Amino acid sequence: MSLKSTRSTLLDSGDPEVKRAEVLEYFRKTWEIDEKLYDIINSDDTFLLRPDRLRHPLIFYFGHTATFFINKLTIARIIDQRINPKFESMFAVGVDEMSWDDLDERHYDWPSRKEVKDYRDQAKVLVEKLIMTMPLILPISWDSPWWVIMMGIEHERIHLETSSVLIRQLPIDRVAQLDFWDICKESGEPPSNGLLQVPGGVVRLGKRADSPLYGWDNEYGSHEAEVAPFCAAKYLVSNREFLEFVEAGCYQKQEHWCEEGWQWREFKQAEHPLFWLKGESGWRLRTVAAEIPLPWNWPVEVNYLEAKAFCNWKSAASGKPIRMPTEDEWHRLIDFCEVPDQPAWQTAPGNINLEHWSSPCPVDRFSHGDFFDIIGNVWQWTETPIYPFAGFRVHPWYDDFSTPTFDTRHNLIKGGSWISTGNEATREARYAFRRHFFQHAGFRYVESASPVEIHDNQYESDALSSQYCDAHYGAEHFGVLNFQLTVARFCLAAMQGKPMGHALDLGCAVGRSSFELAQGGFAKVTGLDFSTRFFRLATRMCEEGYLRYAAVEEGEVVSYHEVGLERLGLDKVAGRVQFWQADACNLPEKFTGYDLVLAANLIDRLYSPKSFLASIHERMNPGALLVLTSPYTWLEEFTKREEWLGGYRQAGEPVWSLDGLKEALAPRFRMVGEPRDVEFVIRETRRKFQHTVAELTVWELVP
């Protein structure tokens, strides 16, 4: 099979040893294509450039796909030995442009390309060995160790696309056009675009749990909708068609732009699509590694905001309701055109899967009935912000793949582009980006008077997240005082007479203790949690001052609640609190210099509590306090038995967790006072609560 025409691996059937060989081949080809992408960069120092000021240097992305394998294999407890903890922390977080991304270069001492390449080579050997030796039972399902392998492979294929967009923004003298990445030579004038009728019908979306293909969490669940008839453009919008919008001066006319779009236009001072270049000899186009005369019959590549402004302009000129399709309408169109799905292709039925070119091609090159480019060439923006289907579940090994995008600010793109492979090249794929984000994406317009449904899930409905929102900020239950407030008060009392500069709240969940520590006098508080579904809510509380959540009453009956900082008297200290995502067992170097470290109910949920306790002193100032609470609920689900601090028998005698703590901390800490019991209650339903007693201990770092 050609390196450029790989197919997604079927996970539900076949001989296990044949399947092992298929996965190994899929992994190796994915890895090789990824490295060939970075071969486009013609000098090592270019890896330290930031093509986009809102993203990391390219060296981050070069290391990220390899560290992803190691980090996920560690989380899934398939491996217990890291290759390079520093790299696996440095390259872990910061891919998407999120409010919690850390782009301060003072926090990074980026390694060289060679150092990262050496690391990648080690990671490759490790993953190959696992593929060749791990027991394999088919089907490979959501909770199979092999799912992590597939997750890493498909994740790397996503980054073929996102990294190629960043490389496309490098100065042209920093890249080289290579034969492997050959671009289409066909260009000319496009045919006239027009609208064709698409009959209405029912669409049913959502991947089955027993689907034979790997899927990301947002693909699962169910959604059904009745789509009204509409008209859709026969072709994607071409460069020539979009030129009319540019030459009409519409980049300078606010009336065509939505508020968000105009703010972006003003900020960027954009006058034309990002990849168009205007020179004395006329318009040119920047591809990934070349500049060519602008092919007028290729699809235009723009962000959602530009596409929306074009549709508004066209609607005003025609008097018709012109917009982009919704996700449901795109699915109705692909059903109507009967476009086959991957991996059943003999040859890709469009400019997709790297089977044709490493660039777009003419919009009239691949037909699907009367329409063209239903899939492939460039992604197609939709009007639909991504949302979870009914029955959505977060995958425990990658809980930040989708949940940060369920904020109505990330719109779905559909259909794939020329470089979309693997999961990206399937019809069930659901990828979403911020509306000002540039991808290999263009658009098709439709005429429809049907309103666009925005699935705005204003109330947090994830069961665990809702329970923690209630536990942190909701009413007290059965007279038990709020745990986060109680623990913060213990910390503040213990800090009397000590410096109160910077506190670290490890395992902060949705953030209440962090705010209480700031309220109690700390000049700065940093909250860290490994779970995105928790810390994104803490960040939202910090930025917006309130959270909404749905609490289960009985069965499917829920009640809706809103909690806020102002009611608790914490709104004035939000500016002194920051939240980040991080692994407590492998903290980035920038997290240091603390006068207090609080780790509330964290120890017995870490995969390596012993390494955490052995290294936490490196983050603390002399004389600083470490405050631990835990109910010591040791479970192999979270922590391998050999890492337990207690809760087992040795030589016939019980070993208690407090004794394990004393032994682990004795070299550098002394215990202050006696252990205390602290109760907490978590509400599950109207009639079901968890009542737990944690033990609180205070430890002083001995100078």
**Request:** Kindly indicate the residue of segment 691-703 that is at pLDDT 95 or above and not aliphatic (A, V, I, L, M) and also surrounded by the fewest Cβ atoms within 10 Å (Cβ to Cβ) among those meeting that condition.
**Result:** His691
**Request:** Please enumerate the residues belonging to segment 547-595 that are under 27 Å from the mean Cα position of the chain (by Cα) and among the basic types (Lys, Arg).
**Result:** Arg548, Arg576, Lys590
**Item:** Qualifying strands (runs of 3 or more DSSP E) (wholly inside segment 589-703; at least 1 residues being of a type in the set (Asp, Glu) and over 20 Å from Ser513 (Cβ atoms))
**Value:** 653-655, 669-685
**Qualifying residues in segment 5-22 (those that are polar (S, T, N, Q) and out of contact with any Lys or Arg (no Cβ under 7 Å at 6 or more places or on another chain)) - the one surrounded by the fewest Cβ atoms within 10 Å (Cβ to Cβ)** = Ser13
**Fill in**
Scanning segment 404-426 residue by residue, those in a loop (DSSP other than H, G, I, E, B), among the small types (Gly, Ala, Ser) and on the phi > 0 side of the Ramachandran plot turn out to be Gly415, Gly416
**Request:** Determine if segment 505-516 includes at least one residue that is among the β-branched types (Val, Ile, Thr) and under 28 Å from Ala92 (Cα atoms).
**Result:** yes
**Cross-chain or 6+ apart pairs with Cβ under 8 Å, segment 305-324 first and over 23 Å from Lys268 (Cα atoms) and β-branched (Val, Ile, Thr), then outside any helix (DSSP H, G or I) and modelled with pLDDT of 95 or more** = Ile322/Tyr445; Ile322/Val446; Ile322/Glu447
**Message:** Here is a check on your reading of the model: is Leu485 surrounded by 22 or more Cβ atoms within 10 Å (Cβ to Cβ), more than 22 Å from the chain's Cα centre (by Cα) and on the phi < 0 side of the Ramachandran plot?
**Reply:** no
**Asked** Looking at segment 53-72, which of its residues are out of contact with any helix residue (DSSP H, G or I) (no Cβ under 6 Å at 6 or more places or on another chain) and either surrounded by 20 or more Cβ atoms within 10 Å (Cβ to Cβ) or modelled with pLDDT of 95 or more (or both)?
**Response** Arg55, His56, Phe60, His64
**Message:** I'd like the residue in segment 430-454 that is under 13 Å from Pro385 (Cβ atoms) and aliphatic (A, V, I, L, M) and, out of all such residues, is surrounded by the fewest Cβ atoms within 10 Å (Cβ to Cβ).
**Reply:** Ile454
**Request:** Kindly establish whether Leu547 is modelled with pLDDT under 95 and either crowded, with 23+ Cβ neighbours inside 10 Å or under 20 Å from Tyr398 (Cα atoms) (or both).
**Result:** yes
**Item:** segment 168-179, residues that are hydrophobic (A, V, I, L, M, F, W, C) and either part of a loop (DSSP other than H, G, I, E, B) or not assigned by TED's automatic domain parsing to the domain that holds Tyr38 (or both)
**Value:** Leu170, Ala176, Leu178
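Quick check on my filter: what residues within segment 380-403 are at positive phi and modelled with pLDDT of 95 or more? Explain how you work it out, then say what you get.
Of segment 380-403, the ones at positive phi are 391.
Within segment 380-403, no residue meets the criteria.
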**Prompt:** For the subset of segment 498-526 comprising residues that are out of contact with any strand residue (DSSP E or B) (no Cβ under 8 Å at 6 or more places or on another chain) and among the charged types (D, E, K, R), which member is surrounded by the fewest Cβ atoms within 10 Å (Cβ to Cβ)?
**Reply:** Glu516
**Message:** Gly569 - would you say it is modelled with pLDDT of 95 or more, assigned by TED's automatic domain parsing to the domain that holds Phe534 and at positive phi?
**Reply:** yes
**Request:** Identify all residues within segment 386-401 that are under 24 Å from Ile352 (Cα atoms) and crowded, with 22+ Cβ neighbours inside 10 Å; write none if there are none.
**Result:** Ile386
**segment 410-429, residues that are of a type in the set (A, V, I, L, M), within 21 Å of Val288 (Cβ to Cβ) and either surrounded by fewer than 24 Cβ atoms within 10 Å (Cβ to Cβ) or in contact with a strand residue (DSSP E or B) (Cβ under 7 Å, 6 or more places away or on another chain) (or both)** = Ile413
**Item:** Whichever residue in segment 502-546 is over 16 Å from Ala599 (Cα atoms) and of a type in the set (Val, Ile, Thr) and, among such residues, is nearest to the chain's Cα centre (by Cα)
**Value:** Thr532
**Prompt:** When segment 23-40 is examined, which residues are found to be within 16 Å of Gly422 (Cβ to Cβ) and surrounded by fewer than 17 Cβ atoms within 10 Å (Cβ to Cβ)?
**Reply:** Leu24, Glu25, Arg28, Glu32, Lys36
**Request:** Quickly run through segment 73-92 and pick out the residues that are surrounded by fewer than 23 Cβ atoms within 10 Å (Cβ to Cβ) and in a loop (DSSP other than H, G, I, E, B).
**Result:** Ala76, Arg77, Ile78, Ile79, Asp80, Gln81, Arg82, Ile83, Asn84, Ala92
**Message:** Suppose we keep only residues that are over 32 Å from the mean Cα position of the chain (by Cα) and not in a loop (DSSP other than H, G, I, E, B) within segment 180-203. Which one would you say is surrounded by the most Cβ atoms within 10 Å (Cβ to Cβ)?
**Reply:** Val198
**Prompt:** Taking helices (runs of 4 or more DSSP H) that do not extend beyond segment 449-544, which have at least 1 residues that are closer than 28 Å to Ala76 by Cα?
**Reply:** 463-473, 532-544
**Prompt:** Which pairs have Cβ atoms under 7 Å, sit 6 or more apart or on different chains, and link a residue in segment 362-386 that is without any contact (Cβ under 8 Å) to a residue 40 or more places away in the chain to one that is outside any strand (DSSP E or B) and among the aliphatic types (A, V, I, L, M)?
**Reply:** His368/Val339; His368/Ile374
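Quick grid of which residues meet (1) over 28 Å from Val558 (Cα atoms); (2) touching a Phe, Trp or Tyr at 6+ places or on another chain (Cβ under 8 Å):
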site: Arg365; (1), (2): yes, yes
site: Ile386; (1), (2): no, yes
site: Ile413; (1), (2): yes, yes
site: Ser417; (1), (2): yes, yes
site: Arg444; (1), (2): yes, yes
site: Ala449; (1), (2): yes, no
**Any chance Leu10 is part of a helix (DSSP H, G or I) and either hydroxyl-bearing (Ser, Thr, Tyr) or touching a residue at least 60 places away in the same chain (Cβ under 8 Å) (or both)** = no
**Selection status of Ile131, over 16 Å from Trp397 (Cβ atoms), out of contact with any strand residue (DSSP E or B) (no Cβ under 7 Å at 6 or more places or on another chain), of a type in the set (A, V, I, L, M, F, W, C) and not in a helix (DSSP H, G or I)** = no
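The values are calculated or read from the model by the stated rules, or taken from the named source; none is laboratory data. Computed from a predicted structure; not experimentally measured. Neighbour counts are summed over all protein chains in view; Cβ atoms, including those assigned to glycine, are modelled from backbone coordinates with ideal geometry.
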